[in-house]
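I have placed the structure first, in the form of structure tokens, so that the comments after it can refer back to it.
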Amino acid sequence: MKIHEYQAKELLAAEGAAVPPGKVATSVDQALAAFDSFGGAPVVLKAQIHAGGRGKGSFVGSGADFGGVKYLTSREKVGEVAKVMLAYPLQTKQTGADGQKVSTLLVQKAADIAKEYYLGMVLDRASGVPVMMASAEGGVDIEEVAAHSPEKILKEKISPELGLLPFQARKLAFELGFQGDQVAQAEGIMRALSRVFLEKDCSIAEINPLVVTKEGKVEALDAKMVFDDNALFRHPEIASLRDESEEDPAELRAAQSGLSFVRMEGSIGCLVNGAGLAMSTMDIIKYHGGEPANFLDVGGGANKDQVTEAFRIILSDKRVKAVLVNIFGGIMKCDTIAQAILAAFKEVGFHVPLVVRLEGTNVDAGKKLLAESGLNIAAASGMAEAAQKVVDAARGKK
């Protein structure tokens, strides 16, 4: 689950991190009032969407020459820019061509920046522990730094039980080049980031940029956080921060039915049980020249209602030209899933070809049910055959 920048900075501030003053606005009038509250000082107007690259983005159809992060010095300009931001979708590298509607703005008092840094935490799956990453090359081009100069990214492994220890924070601060009072300030922000990451079950937590102002203050100028959905039951205060308007309606609908669904750009719908099998299914579809329209894992114990809802979600995508069901019967027997498929097929009303591959417990009984149904369902005995059949079907071949 993603949250907005202003929410991430509130979590950091609650742990003692220094963040610049800012106010949230959902209208032009509120943006103007926020500007006034800072006494006419320069502000940065920041569109709040769940996507990176806002500063280099553009507002689709607006004709504006600015992106989702704009430095402003006058009340008049704040009103003009806020009006555009709230009226047009913001397109970035992460939103797709249609962009994302902006409903919330952050009006932040501008900082007089002397130096920018990057700070972030992720789980290092190779070592099995969280890692704090830091770089003196922070800012909008940190991805380029990571790609072309990875030696400039410092890494410190963190104990999940103890968190970032004081000596580790000081070590990173010195290696980044902080001096004097800045060392203690940077250490405080690092430890705040570590606490939020560990205590709130983050999967990603970033501060980019972490800055030193010309007055010598160290501040978290921007922040991004993503949380593990599987841990949200432990954190109702985090779950309450969810902004459903930022999420794909189909993905929300799937989650409400206990399905794991991610929309993709292809034309072949996939209904699979098990995340690993789902990934393999998408791979083999691509190998045979097709493009998956989604990742959909119904889990090991899916029932008729879940399978029916899964089909509804897949078929609601007008780009879908064919559907592949790839099931390995273990906890859920093949004859049971076949009955669910038949019931869902009749209830939903298929308008595209359906290919089904079953394997595992009671597979012969499941295949028999499908063969004797009289419905237009193409059976496949292996993954390669299933992939080729569904790719051909999506292309209109028989």
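Brief remarks follow.
- The set of residues in region 142-162 that are closer than 17 Å to Glu206 by Cβ and either among the hydrophobic types (A, V, I, L, M, F, W, C) or crowded, with 16+ Cβ neighbours inside 10 Å (or both) comprises Ile142, Val145, Ala146, Ala147, Ile153, Leu154, Glu156, Ile158.
- Matching residues, region 80-127, being under 23 Å from Val43 (Cβ atoms), hydroxyl-bearing (Ser, Thr, Tyr) and in a loop (DSSP other than H, G, I, E, B): Tyr88, Thr92, Ser103, Thr104
- Residues (buried (at least 17 other Cβ atoms within 10 Å of the Cβ) and either under 20 Å from the mean Cα position of the chain (by Cα) or under 13 Å from Val122 (Cα atoms) (or both)) located in region 204-231: Ala205, Glu206, Ile207, Asn208, Pro209, Asp222, Ala223, Lys224, Met225, Phe227
- Test: residue in region 59-81 that is without any contact (Cβ under 8 Å) to a residue 24 or more places away in the chain and either in the same structural domain as Glu156 (by TED's automatic domain parsing) or of a type in the set (Lys, Arg) (or both): yes
- Only listed residue being of a type outside the set (Val, Ile, Thr), at pLDDT 90 or above, within 26 Å of Gly396 (Cα to Cα) and crowded, with 16+ Cβ neighbours inside 10 Å, chosen from Ala365, Ala344, Ala322, Ala338: Ala322
- Test: residue in region 343-362 that is among the polar types (S, T, N, Q), closer than 18 Å to Ala380 by Cα and in contact with a Gly (Cβ under 7 Å, 6 or more places away or on another chain): yes
- Condition check for Ala192: closer than 16 Å to Val122 by Cβ, in contact (Cβ under 8 Å) with a residue 40 or more places away in the chain and small (Gly, Ala, Ser): no
- Residue in region 244-261 that is crowded, with 16+ Cβ neighbours inside 10 Å, at pLDDT 95 or above and under 22 Å from the mean Cα position of the chain (by Cα) present: no
- Counted residues, region 293-314 - those being in a strand (DSSP E or B), touching a Gly at 6+ places or on another chain (Cβ under 7 Å) and buried (at least 24 other Cβ atoms within 10 Å of the Cβ): 1
The values are calculated or read from the model by the stated rules, or taken from the named source; none is laboratory data. Worth saying up front: this structure is predicted, and the values here are computed from it rather than measured. As a convention, Cβ positions derive from the backbone with ideal geometry for all residues, glycine included, and neighbour counts pool all protein chains shown.
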